[in-house]
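Take a look at the structure set out below.
The numbers here are math on the coordinates, done by the rules we state, and not lab data. Just so it is clear, the structure is predicted and the values come from calculations on it, not from any experiment. Here Cβ is always computed from backbone atoms with ideal geometry, including for glycine, and neighbour counts include all displayed protein chains.
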Ligand code: CP
Ligand code: NVA
């Protein structure tokens, strides 16, 4: 049966380490000039209903490096943008393509696409989840700390798609997770319900200082996500104080790794000084989208290769 990647809840701890092991291998081999052509002759369709730099370019390049190709499909140009049902789009695209990546608003649309497509569907970001980003984040943490199990991750900011997927992915992978999110901006109920089964490995507070204390990994994301542009001013007020800055970094472990999925708003969720001091890990994280997704694409589109 075909497999999809719709959210981090789809993955076990073993699934995550399997993807990261393959991603590490692919990164090493790319650097040493060894090509993997697991997806020769295969095509990935990439539907975008929101903007993207990293997701588009890393998927497109990843498919090319694996011997396949990717099609950029803007929702503005597809009939789906004019109301053709997702279930028809899924069935049509399945006749041409070997996999579908979709970035959209509602998680429901991705789930409907997966239900009606006969080829694997990958969530390239919804309002609820961003699993591909979180695989790259975990890969970066493992590279930098040497391990995932037992590390303390702190996330400061909006309980958004990144927060949901990071909470689920990090807990599954064996990290502890401490969130600092303002009241009214909590993560999605499904992420919280999952997290609460981890006992004292999970904490949700309203105090960034408390969340940061002793953290090995510090993560943040924009205060207003794509689609929330109208709320940006109100959110700037609600999130004042929920910033990764020198004061927060002084409370973390001295070796703390800073991650940001990008794009970043310097002076809002992170100061320019902290961003630049940790640019190496942040841009490794961006690079690792390529390697982690090549591992996911190989596993889903060419299982057993
Ligand atoms: N981090 C991320 O998904 O970036 P893009 O929006 O540029 O794809
Ligand atoms: N939370 C952000 C992530 C962007 C990669 C958004 O959804 O816009």
Mind checking the log10 I(q)/I(0) for the stretch 1-105 at q = 0.13, 0.14, 0.16, 0.25 Å⁻¹? Debye, one equal scatterer per Cα, no solvent, two decimals. -0.58, -0.67, -0.86, -1.45
Rounded to whole Å and sorted largest first, list the principal axis extents of the Cα atoms in the stretch 27-73. 35, 22, 8
Calculated SAXS-style log₁₀ I(q)/I(0) at q = 0.16, 0.17, 0.20 Å⁻¹ - the stretch 164-305, Debye, Cα scatterers: -0.96, -1.07, -1.38
Stokes-Einstein translational diffusion, the chain - Kirkwood Rh over all Cα pairs, 1.002 mPa s, 20 °C, in µm²/s: 110
Show me, bin by bin at 10 Å from 0, the whole-percent P(r) of the stretch 214-267 based on Cα pairs. 22, 48, 25, 6
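Could you compute Rg(Cα) / (2.2 N^0.38 Å) for the stretch 253-298, with N its residue count?
On the way: Rg = 12.5 Å, N = 46, 2.2 N^0.38 = 9.4 Å.
Compactness ratio reported: 1.33.
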Mind jotting down the distance between the C-alpha centroids of the stretch 34-83 and the stretch 221-285, whole Å? 28
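Could you sort the peptides 253-261, 166-174 by per-residue average Cβ neighbour count (10 Å cutoff), highest mean leading?
Highest-to-lowest ranking by the protection proxy: 166-174, 253-261.
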Expressed in Å to one decimal, the Kirkwood Rh of the stretch 112-181 from all distinct alpha-carbon pairs is 13.0
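Once the Cα gyration tensor of the stretch 148-225 is diagonalised, what are the square roots of 5 times its eigenvalues, in whole Å and ordered largest first, as equivalent ellipsoid semi-axes? Spell out each step's value before the answer.
Working: eigenvalues 56, 39, 25 Å².
Semi-axes (√(5λ), whole Å): 17, 14, 11.
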Expected sort for 73-84, 281-292, 237-248 on mean C-beta neighbours within 10 Å, highest first, is 281-292, 237-248, 73-84
By what distance, in whole Å, do the Cα atoms of the stretch 62-105 stretch along each of the three principal axes, largest value first? 34, 20, 17
